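Participant: Take this structure first; my questions come after.
All of the numbers you see were taken from the coordinates with simple rules; none came from a lab. Model, not experiment: these values are computed from the prediction. So basically every Cβ, Gly included, is an ideal-geometry build from the backbone, and we count neighbours across all protein chains shown.
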């Protein structure tokens, strides 16, 4: 699943916002997930972990104009791809609405 969202701010500011939101999400939901790993490689955040027994991995790339979320959904989660996509788009919109 690949989602590109315009950020209308500088690359540095967009990257900072992504990092801050990740910290918030981990504080909020980290206890419900296992084996969470995340690392910035240049302007790309790579992540993987397990939630409710399902493995998930992907990346969040910050470009000059967009934030691109690219995630591999497990087979069991693909039936919820539309809802997952909407949730990611809603979250990204909220993060960058006031950019």
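Participant: What do you get for the angle between helix 11-29 and the principal long axis of the chain? Use alpha-carbon atoms, 0 to 90 degrees, nearest ten.
Facilitator: 30
Participant: Among 59, 10, which comes first, then next, by fewest other beta-carbon atoms within 10 Å?
Facilitator: Ranked by crowding around the Cβ, least crowded first: 10, 59.
Participant: Right, here's the next one. Please find, in a Gaussian network model of the chain (springs between Cα atoms separated by less than 10 Å), the residue of 71, 58, 31 whose mean-square fluctuation is greatest.
Facilitator: 31
Participant: Please order 78, 97 by the number of other Cβ within 10 Å, starting at the fewest. Don't skip to the end; give the middle numbers.
Facilitator: On the way: 78 11, 97 8.
Result, fewest neighbours first: 97, 78.
Participant: Moving on to the next point. Neighbouring Cβ atoms within 10 Å as the yardstick, rank 64, 43 fewest first. Before the final figure, lay out each step's value.
Facilitator: Numbers: 64 9, 43 16.
Exposure proxy ranking, most exposed first: 64, 43.
Participant: When Cα Rg over 2.2 N^0.38 Å is calculated directly from the model, which label among [x] 1.46; [y] 1.14; [z] 1.05 fits?
Facilitator: So the calculated entry is the one marked [z].
Participant: Roughly how far apart, in whole Å, are the Cα centres of the stretch 19-50 and the stretch 73-97?
Facilitator: Each part reduced to its Cα centre gives a spacing of 16 Å.
Participant: Just to verify a number: FRET efficiency for residue 11 and residue 40, C-beta to C-beta distance, R0 = 22 Å, to 0.05? Show your work: numbers first, answer last.
Facilitator: Values: r = 13 Å, r/R0 = 0.58.
Computed FRET efficiency for residue 11 and residue 40 comes out at 0.95.
Participant: Full-extension gain between residue 91 and residue 63, please, as 0.36 nm times their residue separation minus the C-alpha to C-alpha distance. Could you put the intermediate results ahead of the total?
Facilitator: Details: separation 28, 0.36 × 28 = 10.08 nm, distance 1.78 nm.
Value of the extension gain: 8.3 nm.
Participant: Tell me the relative contact order for the chain as a rounded percent, counting alpha carbon contacts under 8 Å between residues six or more apart. Walk me through the numbers on the way to the answer.
Facilitator: Working: 134 pairs, mean separation 34.1, N = 99.
34 percent.
Participant: To test your reading of the geometry: what angle, between 0 and 90 degrees and rounded to tens, separates the Cα axis of helix 81-96 from the longest principal axis of the chain?
Facilitator: Compared with the principal axis, the helix lies near 30 degrees.
Participant: Report the FRET efficiency, 1/(1 + (r/R0)^6), for residue 79 and residue 27, where r is their Cβ-Cβ distance and R0 is 22 Å, rounded to 0.05. Before the final figure, lay out the partial values.
Facilitator: On the way: r = 29 Å, r/R0 = 1.32.
The value I calculate is 0.15.
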